[in-house]
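For reference, the structure is listed below as C-alpha coordinates.
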Amino acid sequence: PQIVLHTYICLTHRILTVHHYCIMKVSTAALFLVSQSANAFTFVAPSSRASVALNVETATRPPTRFDNMKSKWKGFVPNRDVSEASFDYEAFEEAVATVEYAFNRNDVVKGTIVQYDNGGAVVDIGAKSSAFLPLQEAGLAISGEIDDNVNLEDEVDVMIISDEDENGQLLVSIKRIEYAAAWEKVQAMNAEDDLFDAEVVAVNRGGAIVLVQGLRAFLPGSHLTGVIATEELIGEKLPLKFLEVNPETNKLVVSNRRAVVESQMNDLSRGDVVDGIVKALKPYGAFVEVGGMSGLLHISQISYDRIDDLEKVFVMGDKVKCMIIDHDKLNGRIALSTKTLEPEPGDMLKDSARVFELAEETAAKYHERMEAERKAREEAAKDIVLGLGDVVGDALSIDEGDVSDDLDAVIGDGASE
(Lines give C-alpha, C1' and ligand atoms only; values in the text may rest on other atoms or scores of the structure.)
Protein backbone atom coordinates (compact mmCIF):
# COMPACT_ATOMS: atom_id res chain seq x y z
CA PRO A 1 0.00 0.00 0.00
CA GLN A 2 2.80 2.39 0.72
CA ILE A 3 4.32 1.73 -2.69
CA VAL A 4 1.01 2.22 -4.38
CA LEU A 5 0.46 5.48 -2.49
CA HIS A 6 3.88 6.75 -3.40
CA THR A 7 3.33 5.91 -7.03
CA TYR A 8 -0.03 7.72 -6.97
CA ILE A 9 1.55 10.81 -5.48
CA CYS A 10 4.31 10.90 -8.08
CA LEU A 11 1.86 10.56 -10.94
CA THR A 12 -0.35 13.25 -9.50
CA HIS A 13 2.64 15.63 -9.20
CA ARG A 14 3.70 14.96 -12.78
CA ILE A 15 0.17 15.55 -14.04
CA LEU A 16 -0.03 18.83 -12.18
CA THR A 17 3.36 19.90 -13.53
CA VAL A 18 2.33 19.17 -17.10
CA HIS A 19 -0.96 20.98 -16.56
CA HIS A 20 0.81 24.02 -15.18
CA TYR A 21 3.21 24.02 -18.11
CA CYS A 22 0.34 23.87 -20.57
CA ILE A 23 -1.48 26.68 -18.82
CA MET A 24 1.72 28.80 -19.04
CA LYS A 25 2.05 28.05 -22.74
CA VAL A 26 -1.56 28.94 -23.38
CA SER A 27 -1.17 32.14 -21.36
CA THR A 28 1.96 33.09 -23.25
CA ALA A 29 0.25 32.45 -26.59
CA ALA A 30 -2.75 34.44 -25.50
CA LEU A 31 -0.56 37.33 -24.42
CA PHE A 32 1.27 37.19 -27.75
CA LEU A 33 -1.99 37.32 -29.66
CA VAL A 34 -3.24 40.20 -27.55
CA SER A 35 -0.01 42.10 -28.06
CA GLN A 36 -0.17 41.52 -31.81
CA SER A 37 -3.71 42.75 -31.88
CA ALA A 38 -2.72 45.81 -29.85
CA ASN A 39 0.12 46.55 -32.24
CA ALA A 40 -2.21 46.25 -35.16
CA PHE A 41 -4.61 48.60 -33.44
CA THR A 42 -1.96 51.16 -32.57
CA PHE A 43 -0.62 51.01 -36.14
CA VAL A 44 -3.93 52.19 -37.48
CA ALA A 45 -5.48 54.25 -34.71
CA PRO A 46 -2.49 56.47 -33.73
CA SER A 47 -2.21 57.82 -37.26
CA SER A 48 -5.69 59.19 -36.98
CA ARG A 49 -5.00 60.67 -33.56
CA ALA A 50 -1.66 62.19 -34.76
CA SER A 51 -3.32 63.81 -37.75
CA VAL A 52 -5.92 65.37 -35.50
CA ALA A 53 -3.24 66.63 -33.12
CA LEU A 54 -1.23 67.99 -36.06
CA ASN A 55 -4.25 69.84 -37.38
CA VAL A 56 -4.88 71.38 -33.96
CA GLU A 57 -1.23 72.44 -33.62
CA THR A 58 -1.21 73.90 -37.13
CA ALA A 59 -4.32 75.91 -36.38
CA THR A 60 -2.88 77.39 -33.15
CA ARG A 61 0.76 78.13 -34.07
CA PRO A 62 1.81 81.06 -36.39
CA PRO A 63 2.56 80.12 -40.02
CA THR A 64 6.12 79.19 -40.78
CA ARG A 65 8.20 80.34 -43.71
CA PHE A 66 7.32 77.09 -45.47
CA ASP A 67 3.61 77.73 -44.86
CA ASN A 68 3.94 81.23 -46.31
CA MET A 69 5.70 79.87 -49.38
CA LYS A 70 2.95 77.27 -49.85
CA SER A 71 0.23 79.92 -49.55
CA LYS A 72 1.92 82.07 -52.18
CA TRP A 73 2.61 79.25 -54.60
CA LYS A 74 0.14 79.47 -57.43
CA GLY A 75 1.12 76.33 -59.19
CA PHE A 76 1.80 76.02 -62.88
CA VAL A 77 1.35 79.28 -64.83
CA PRO A 78 -0.17 78.65 -68.24
CA ASN A 79 0.93 80.47 -71.37
CA ARG A 80 -0.80 83.82 -71.78
CA ASP A 81 -1.24 86.11 -74.74
CA VAL A 82 1.11 89.08 -74.27
CA SER A 83 0.79 90.48 -77.76
CA GLU A 84 -1.24 93.41 -76.49
CA ALA A 85 1.27 94.30 -73.75
CA SER A 86 3.24 97.56 -74.02
CA PHE A 87 6.54 95.63 -73.90
CA ASP A 88 7.84 92.10 -74.42
CA TYR A 89 10.42 89.96 -72.69
CA GLU A 90 13.19 91.08 -75.02
CA ALA A 91 12.49 94.73 -74.25
CA PHE A 92 12.49 93.90 -70.55
CA GLU A 93 15.88 92.19 -70.84
CA GLU A 94 17.28 95.18 -72.70
CA ALA A 95 15.97 97.55 -70.02
CA VAL A 96 17.53 95.42 -67.29
CA ALA A 97 20.83 95.37 -69.16
CA THR A 98 20.95 99.16 -69.30
CA VAL A 99 20.55 99.58 -65.54
CA GLU A 100 23.81 100.12 -63.62
CA TYR A 101 23.86 98.25 -60.34
CA ALA A 102 27.41 99.15 -59.32
CA PHE A 103 27.85 101.03 -56.00
CA ASN A 104 31.09 102.97 -55.72
CA ARG A 105 32.62 105.03 -52.95
CA ASN A 106 31.36 108.68 -52.87
CA ASP A 107 28.26 107.80 -54.92
CA VAL A 108 25.04 109.46 -53.70
CA VAL A 109 22.04 107.10 -53.79
CA LYS A 110 18.54 107.00 -52.39
CA GLY A 111 17.73 104.62 -49.58
CA THR A 112 15.03 103.73 -47.07
CA ILE A 113 15.59 103.38 -43.31
CA VAL A 114 14.34 99.85 -42.55
CA GLN A 115 15.49 99.21 -38.98
CA TYR A 116 17.74 100.30 -36.10
CA ASP A 117 20.69 98.06 -35.28
CA ASN A 118 23.97 98.26 -33.34
CA GLY A 119 23.52 101.94 -32.49
CA GLY A 120 22.98 102.86 -36.15
CA ALA A 121 20.41 102.28 -38.88
CA VAL A 122 20.04 99.72 -41.66
CA VAL A 123 19.36 101.36 -45.03
CA ASP A 124 17.98 99.60 -48.10
CA ILE A 125 19.73 101.10 -51.13
CA GLY A 126 18.91 98.34 -53.60
CA ALA A 127 22.23 96.55 -53.22
CA LYS A 128 22.56 92.81 -52.58
CA SER A 129 22.91 93.62 -48.89
CA SER A 130 21.46 96.48 -46.88
CA ALA A 131 23.84 99.35 -46.08
CA PHE A 132 24.65 100.55 -42.54
CA LEU A 133 24.38 104.15 -41.34
CA PRO A 134 26.48 104.79 -38.17
CA LEU A 135 25.19 107.30 -35.62
CA GLN A 136 28.12 109.68 -36.19
CA GLU A 137 27.22 109.85 -39.90
CA ALA A 138 23.49 110.48 -39.36
CA GLY A 139 23.82 114.27 -39.83
CA LEU A 140 25.79 117.42 -39.11
CA ALA A 141 23.93 118.17 -35.88
CA ILE A 142 23.57 114.85 -34.03
CA SER A 143 21.59 114.68 -30.81
CA GLY A 144 20.72 111.65 -28.68
CA GLU A 145 20.36 108.20 -30.19
CA ILE A 146 19.91 107.11 -33.79
CA ASP A 147 16.09 107.19 -33.57
CA ASP A 148 16.30 110.88 -32.61
CA ASN A 149 18.00 111.67 -35.91
CA VAL A 150 16.37 109.41 -38.53
CA ASN A 151 12.92 107.79 -38.68
CA LEU A 152 11.98 104.35 -39.92
CA GLU A 153 10.57 104.20 -43.46
CA ASP A 154 12.11 107.61 -44.26
CA GLU A 155 13.54 107.90 -47.77
CA VAL A 156 16.89 109.68 -47.59
CA ASP A 157 19.87 110.51 -49.78
CA VAL A 158 23.04 108.82 -48.56
CA MET A 159 26.66 108.83 -49.69
CA ILE A 160 28.61 105.58 -49.90
CA ILE A 161 31.76 106.00 -47.80
CA SER A 162 33.29 102.50 -47.89
CA ASP A 163 33.78 99.45 -50.04
CA GLU A 164 31.83 96.23 -49.47
CA ASP A 165 32.90 94.15 -46.49
CA GLU A 166 33.03 90.34 -46.45
CA ASN A 167 29.23 90.26 -46.12
CA GLY A 168 28.70 92.64 -49.03
CA GLN A 169 27.58 95.48 -46.73
CA LEU A 170 28.40 99.15 -47.38
CA LEU A 171 28.76 102.08 -45.00
CA VAL A 172 26.74 105.19 -45.90
CA SER A 173 26.58 108.75 -44.61
CA ILE A 174 24.04 111.59 -44.47
CA LYS A 175 26.56 113.89 -42.77
CA ARG A 176 28.86 114.07 -45.81
CA ILE A 177 25.98 115.26 -48.05
CA GLU A 178 24.82 117.87 -45.52
CA TYR A 179 28.43 119.02 -45.06
CA ALA A 180 28.89 119.69 -48.79
CA ALA A 181 25.49 121.42 -49.00
CA ALA A 182 26.35 123.61 -45.98
CA TRP A 183 29.57 124.83 -47.61
CA GLU A 184 27.64 125.71 -50.78
CA LYS A 185 25.15 127.77 -48.74
CA VAL A 186 27.95 129.50 -46.84
CA GLN A 187 29.75 130.42 -50.07
CA ALA A 188 26.51 131.83 -51.49
CA MET A 189 25.94 133.86 -48.30
CA ASN A 190 29.48 135.18 -48.46
CA ALA A 191 29.07 136.16 -52.12
CA GLU A 192 25.96 138.16 -51.18
CA ASP A 193 27.73 139.58 -48.09
CA ASP A 194 24.71 138.60 -45.98
CA LEU A 195 24.26 139.52 -42.33
CA PHE A 196 23.09 136.52 -40.26
CA ASP A 197 22.63 135.35 -36.67
CA ALA A 198 24.49 132.38 -35.21
CA GLU A 199 24.58 130.68 -31.81
CA VAL A 200 27.73 130.51 -29.69
CA VAL A 201 28.44 126.86 -28.79
CA ALA A 202 31.87 127.17 -27.16
CA VAL A 203 34.51 129.67 -26.06
CA ASN A 204 38.29 129.44 -25.91
CA ARG A 205 41.28 131.66 -25.22
CA GLY A 206 41.18 133.17 -28.70
CA GLY A 207 37.47 133.85 -28.99
CA ALA A 208 34.30 131.84 -29.54
CA ILE A 209 32.94 129.03 -31.73
CA VAL A 210 29.60 129.50 -33.49
CA LEU A 211 27.49 127.25 -35.72
CA VAL A 212 26.79 128.54 -39.24
CA GLN A 213 24.60 126.21 -41.32
CA GLY A 214 25.82 123.38 -39.10
CA LEU A 215 29.49 124.25 -39.66
CA ARG A 216 31.79 125.36 -36.85
CA ALA A 217 33.09 128.90 -37.41
CA PHE A 218 35.68 130.82 -35.41
CA LEU A 219 34.79 134.23 -33.98
CA PRO A 220 38.00 136.01 -32.85
CA GLY A 221 37.81 137.83 -29.53
CA SER A 222 39.00 141.01 -31.24
CA HIS A 223 35.89 140.92 -33.42
CA LEU A 224 33.43 140.74 -30.53
CA THR A 225 31.63 144.02 -29.94
CA GLY A 226 30.49 145.03 -26.47
CA VAL A 227 30.99 141.53 -24.98
CA ILE A 228 33.85 139.31 -23.87
CA ALA A 229 34.33 135.63 -24.76
CA THR A 230 33.33 134.01 -21.45
CA GLU A 231 31.21 130.97 -20.54
CA GLU A 232 28.22 133.28 -20.13
CA LEU A 233 28.29 133.88 -23.90
CA ILE A 234 27.47 130.21 -24.70
CA GLY A 235 23.94 129.88 -26.04
CA GLU A 236 23.71 133.52 -27.09
CA LYS A 237 22.89 134.46 -30.69
CA LEU A 238 25.03 137.17 -32.25
CA PRO A 239 24.75 139.10 -35.52
CA LEU A 240 27.68 138.16 -37.73
CA LYS A 241 29.33 138.65 -41.09
CA PHE A 242 32.00 136.57 -42.80
CA LEU A 243 35.68 137.44 -42.65
CA GLU A 244 37.07 134.36 -44.42
CA VAL A 245 35.42 131.42 -46.22
CA ASN A 246 37.72 128.69 -47.55
CA PRO A 247 36.17 125.25 -48.11
CA GLU A 248 39.46 123.78 -49.32
CA THR A 249 41.10 124.32 -45.93
CA ASN A 250 37.82 124.09 -43.98
CA LYS A 251 38.47 127.58 -42.65
CA LEU A 252 35.47 129.66 -41.63
CA VAL A 253 36.00 132.95 -39.76
CA VAL A 254 33.23 135.40 -38.81
CA SER A 255 32.99 138.84 -37.22
CA ASN A 256 30.46 140.31 -34.83
CA ARG A 257 32.06 143.75 -34.98
CA ARG A 258 31.68 144.00 -38.74
CA ALA A 259 27.99 143.08 -38.53
CA VAL A 260 27.32 145.62 -35.77
CA VAL A 261 29.29 148.32 -37.55
CA GLU A 262 27.39 147.96 -40.80
CA SER A 263 23.99 147.69 -39.15
CA GLN A 264 24.35 150.46 -36.55
CA MET A 265 27.21 152.69 -37.58
CA ASN A 266 25.28 153.79 -40.66
CA ASP A 267 22.80 155.48 -38.32
CA LEU A 268 25.51 157.31 -36.35
CA SER A 269 27.10 160.62 -37.29
CA ARG A 270 29.60 163.02 -35.80
CA GLY A 271 27.92 165.31 -33.30
CA ASP A 272 25.20 162.80 -32.27
CA VAL A 273 24.45 162.52 -28.55
CA VAL A 274 24.22 158.86 -27.49
CA ASP A 275 23.58 156.95 -24.28
CA GLY A 276 26.20 154.53 -23.03
CA ILE A 277 27.41 152.43 -20.13
CA VAL A 278 30.94 152.54 -18.73
CA LYS A 279 32.42 149.06 -19.23
CA ALA A 280 36.08 149.55 -18.40
CA LEU A 281 38.45 152.16 -16.95
CA LYS A 282 41.99 152.58 -18.19
CA PRO A 283 44.70 155.14 -17.33
CA TYR A 284 44.09 156.82 -20.69
CA GLY A 285 40.27 156.90 -20.55
CA ALA A 286 37.02 154.96 -20.25
CA PHE A 287 35.45 152.41 -22.60
CA VAL A 288 31.75 153.06 -23.07
CA GLU A 289 29.33 150.59 -24.67
CA VAL A 290 27.07 152.36 -27.16
CA GLY A 291 24.42 150.25 -28.87
CA GLY A 292 26.51 147.09 -28.63
CA MET A 293 29.67 148.87 -29.81
CA SER A 294 32.60 149.91 -27.70
CA GLY A 295 33.58 153.58 -27.79
CA LEU A 296 36.60 155.32 -26.24
CA LEU A 297 36.07 158.35 -24.02
CA HIS A 298 39.63 159.64 -23.85
CA ILE A 299 40.67 161.31 -20.60
CA SER A 300 41.34 164.54 -22.50
CA GLN A 301 37.73 164.56 -23.75
CA ILE A 302 36.02 164.15 -20.37
CA SER A 303 36.29 167.74 -19.11
CA TYR A 304 37.96 171.06 -19.84
CA ASP A 305 39.50 170.82 -16.37
CA ARG A 306 42.45 168.55 -15.69
CA ILE A 307 41.65 165.04 -14.36
CA ASP A 308 44.18 163.38 -12.07
CA ASP A 309 42.17 160.28 -11.04
CA LEU A 310 39.63 158.85 -13.50
CA GLU A 311 38.04 156.64 -10.84
CA LYS A 312 36.85 159.75 -9.03
CA VAL A 313 34.80 160.68 -12.11
CA PHE A 314 33.42 157.28 -13.25
CA VAL A 315 32.82 153.82 -11.85
CA MET A 316 32.06 150.63 -13.75
CA GLY A 317 28.42 150.49 -14.84
CA ASP A 318 27.79 154.24 -14.82
CA LYS A 319 25.21 155.43 -17.34
CA VAL A 320 26.53 158.38 -19.30
CA LYS A 321 25.68 160.61 -22.24
CA CYS A 322 28.40 161.34 -24.77
CA MET A 323 28.84 163.11 -28.07
CA ILE A 324 30.34 161.26 -31.01
CA ILE A 325 33.28 163.31 -32.21
CA ASP A 326 34.75 160.74 -34.62
CA HIS A 327 34.13 157.21 -35.90
CA ASP A 328 35.83 154.55 -37.97
CA LYS A 329 33.04 152.63 -39.68
CA LEU A 330 35.40 150.11 -41.22
CA ASN A 331 36.79 148.94 -37.88
CA GLY A 332 33.78 149.84 -35.74
CA ARG A 333 35.56 152.35 -33.52
CA ILE A 334 33.91 155.40 -31.96
CA ALA A 335 35.56 158.40 -30.31
CA LEU A 336 33.38 160.03 -27.61
CA SER A 337 33.40 163.25 -25.64
CA THR A 338 31.60 164.66 -22.58
CA LYS A 339 33.69 167.82 -22.60
CA THR A 340 31.60 169.20 -25.47
CA LEU A 341 28.47 168.71 -23.35
CA GLU A 342 29.65 170.80 -20.40
CA PRO A 343 27.52 173.96 -19.96
CA GLU A 344 30.49 175.45 -18.15
CA PRO A 345 34.10 174.22 -18.19
CA GLY A 346 34.69 171.73 -15.37
CA ASP A 347 31.01 170.78 -14.85
CA MET A 348 31.80 167.06 -15.42
CA LEU A 349 33.90 167.13 -12.25
CA LYS A 350 31.50 169.27 -10.26
CA ASP A 351 28.04 168.01 -11.29
CA SER A 352 28.00 165.32 -14.00
CA ALA A 353 24.25 164.73 -13.53
CA ARG A 354 23.53 168.30 -14.65
CA VAL A 355 25.76 167.78 -17.69
CA PHE A 356 23.78 164.67 -18.75
CA GLU A 357 20.44 166.39 -18.04
CA LEU A 358 21.30 169.33 -20.31
CA ALA A 359 23.21 167.22 -22.85
CA GLU A 360 20.87 167.75 -25.82
CA GLU A 361 20.51 171.49 -25.15
CA THR A 362 24.24 171.94 -24.73
CA ALA A 363 24.90 169.87 -27.86
CA ALA A 364 22.56 172.08 -29.89
CA LYS A 365 24.41 175.19 -28.70
CA TYR A 366 27.69 173.48 -29.46
CA HIS A 367 26.57 172.73 -33.02
CA GLU A 368 25.44 176.34 -33.50
CA ARG A 369 28.78 177.57 -32.26
CA MET A 370 30.66 175.13 -34.47
CA GLU A 371 28.56 176.13 -37.47
CA ALA A 372 29.21 179.81 -36.83
CA GLU A 373 32.91 179.15 -36.50
CA ARG A 374 32.85 177.11 -39.73
CA LYS A 375 31.17 179.94 -41.63
CA ALA A 376 33.60 182.44 -40.19
CA ARG A 377 36.52 180.31 -41.32
CA GLU A 378 35.02 179.97 -44.78
CA GLU A 379 34.54 183.77 -45.03
CA ALA A 380 38.08 184.38 -43.87
CA ALA A 381 39.42 181.88 -46.37
CA LYS A 382 37.33 183.51 -49.11
CA ASP A 383 38.69 186.95 -48.29
CA ILE A 384 42.22 185.64 -48.37
CA VAL A 385 41.69 184.03 -51.76
CA LEU A 386 40.13 187.21 -53.19
CA GLY A 387 42.96 189.34 -51.80
CA LEU A 388 45.55 187.08 -53.37
CA GLY A 389 43.69 187.28 -56.67
CA ASP A 390 43.84 191.10 -56.69
CA VAL A 391 47.58 191.08 -55.96
CA VAL A 392 48.30 188.58 -58.72
CA GLY A 393 46.13 190.55 -61.16
CA ASP A 394 48.00 193.78 -60.48
CA ALA A 395 51.33 192.06 -60.91
CA LEU A 396 50.37 190.57 -64.26
CA SER A 397 48.67 193.64 -65.75
CA ILE A 398 50.97 195.12 -68.49
CA ASP A 399 50.24 197.81 -71.12
CA GLU A 400 49.64 196.12 -74.48
CA GLY A 401 51.28 199.07 -76.38
CA ASP A 402 54.47 198.64 -74.47
CA VAL A 403 54.48 194.98 -75.31
CA SER A 404 54.08 195.72 -79.05
CA ASP A 405 56.87 198.33 -79.05
CA ASP A 406 59.23 195.99 -77.26
CA LEU A 407 58.42 193.21 -79.74
CA ASP A 408 59.08 195.48 -82.78
CA ALA A 409 62.34 196.57 -81.25
CA VAL A 410 63.42 193.02 -80.74
CA ILE A 411 62.53 192.08 -84.34
CA GLY A 412 64.26 195.20 -85.75
CA ASP A 413 67.45 194.47 -83.88
CA GLY A 414 67.45 190.93 -85.18
CA ALA A 415 67.00 192.09 -88.83
CA SER A 416 69.79 194.66 -88.65
CA GLU A 417 72.18 192.04 -87.47
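The values are calculated or read from the model by the stated rules, or taken from the named source; none is laboratory data. None of the values given here were measured: they were computed from a predicted structure. No Cβ is skipped: glycine too gets one built from the backbone with ideal geometry, and neighbour counts run over all protein chains shown. All accessible areas refer to the heavy atoms of the entire protein, side chains included, with ligands and DNA or RNA removed. Shrake-Rupley method; radii C 1.70, N 1.55, O 1.52, S 1.80 Å.
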Open item on the list: Students sometimes get this wrong: rank 369, 65 by accessible area, probe 1.4 Å, all chains present, largest first.
Closed with: 65, 369
- [ ] For residue 121, enumerate residues with amide H under 5 Å from its amide H, sequence gap 5+ or separate chain, H modeled in the peptide plane.
- [x] 133
Task: Estimated vicinal HN-Hα couplings, Hz - segment 136-153 in sequence order (Karplus 6.51, -1.76, 1.60; Gly, Pro = x) - done: 5, 10, 7, x, 5, 10, 8, 9, x, 8, 5, 6, 7, 10, 9, 10, 4, 6
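Let me check I've understood the local charge: for residue 171, count other residues with C-beta under 14 angstrom from its C-beta, Lys and Arg +1, Asp and Glu -1. What total comes out? Could the numbers behind the result be given before it?
Details: positive: 105, 175, 176; negative: 107, 117, 137, 163, 164, 165, 166.
Here the charged neighbours net out to -4.
Roughly how large, in nm² to one decimal, is the mean projection of the convex hull of the alpha-carbon atoms in segment 103-251? Write out the running numbers ahead of the final one.
Details: hull surface 42.6 nm².
Dividing the Cα hull surface by four gives the mean projection, 10.7 nm².
For segment 251-316, what Kirkwood radius comes out of the mean inverse Cα-Cα distance, in Å?
On the way: mean 1/r = 0.0734 Å⁻¹.
Across segment 251-316, the inverse of the average 1/r is 13.6 Å.
Return the tail of the calculated pair distribution for segment 195-277, meaning the percent of Cα-Cα pairs more than 23 Å apart.
Numbers: 851 of 3403 pairs.
Distances greater than 23 Å cover 25 percent of the Cα pairs.
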- [ ] Could you tally the net charge around residue 186, taking each other residue with its Cβ under 14 Å from the Cβ of residue 186, Lys/Arg +1 and Asp/Glu -1?
- [x] -3
Task: Cα-projected label distance for residue 94 with residue 199, points at 7 Å along beta-carbon direction, nm - done: 5.6
- [ ] Note down the accessible area of residue 374, probe 1.4 Å, to the nearest 10 Å².
- [x] 80
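Translational diffusion coefficient, Stokes-Einstein: compute it for segment 180-235 using the Kirkwood radius over C-alpha pairs as Rh, at 25 °C and 0.890 mPa s, and state it as an integer in µm² s⁻¹.
Working: Rh = 12.0 Å.
Answer from the Stokes-Einstein relation: 204 µm²/s.
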Open item on the list: Give me a comma-separated list of calculated 3J(HN,Hα) values for segment 194-204, in order, Karplus coefficients 6.51, -1.76, 1.60 applied at θ = phi - 60°, integers in Hz, x for any Gly or Pro.
Closed with: 6, 9, 9, 9, 9, 8, 7, 10, 6, 10, 9
Task: Rounded to whole Hz, the Karplus (6.51, -1.76, 1.60) HN-Hα couplings of segment 235-248, x for glycine and proline - done: x, 7, 9, 10, x, 9, 9, 7, 9, 8, 10, 9, x, 5
TODO: For residue 333 and residue 354, compute 0.36 nm times the residue count separating them, minus their Cα-Cα distance, and round to one decimal in nm.
DONE: 4.8 nm
TODO: Quick one: pull the percent of accessible area on segment 152-261 belonging to carbon and sulfur, 1.4 Å probe, ligands and nucleic acids left out.
DONE: 45
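For the full complex of protein chains and a 1.4 angstrom probe, list 339, 282 by accessible area with the highest value first. Don't skip to the end; give the middle numbers.
Values: 339 40, 282 90 Å².
From most exposed to least exposed: 282, 339.
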Task: segment 148-207: Cα Rg divided by the 2.2 N^0.38 Å rule of thumb - done: 1.68
TODO: Please report, to one decimal in angstroms, the Kirkwood hydrodynamic radius of segment 242-288 built from all distinct Cα-Cα pairs.
DONE: 13.9
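Quick one: accessible area per residue over segment 210-358, 1.4 Å probe, rounded to a whole number of Å²?
On the way: 7790 Å² over 149 residues.
Heavy-atom accessible area per residue stands at 52 Å².
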Open item on the list: Taking just the alpha carbons, could you work out the radius of gyration and Dmax for segment 282-370, both in angstroms?
Closed with: 12.6, 37
Open item on the list: Give me the net charge for the shell around residue 112: Cβ to Cβ below 13 angstrom, other residues only, Lys and Arg +1, Asp and Glu -1.
Closed with: -4
TODO: With 21 Å as the limit, write out which pairs from 237/321; 339/365; 282/321; 339/382; 279/365 have Cα-Cα distances beyond it, or answer none.
DONE: 237/321; 339/382; 279/365
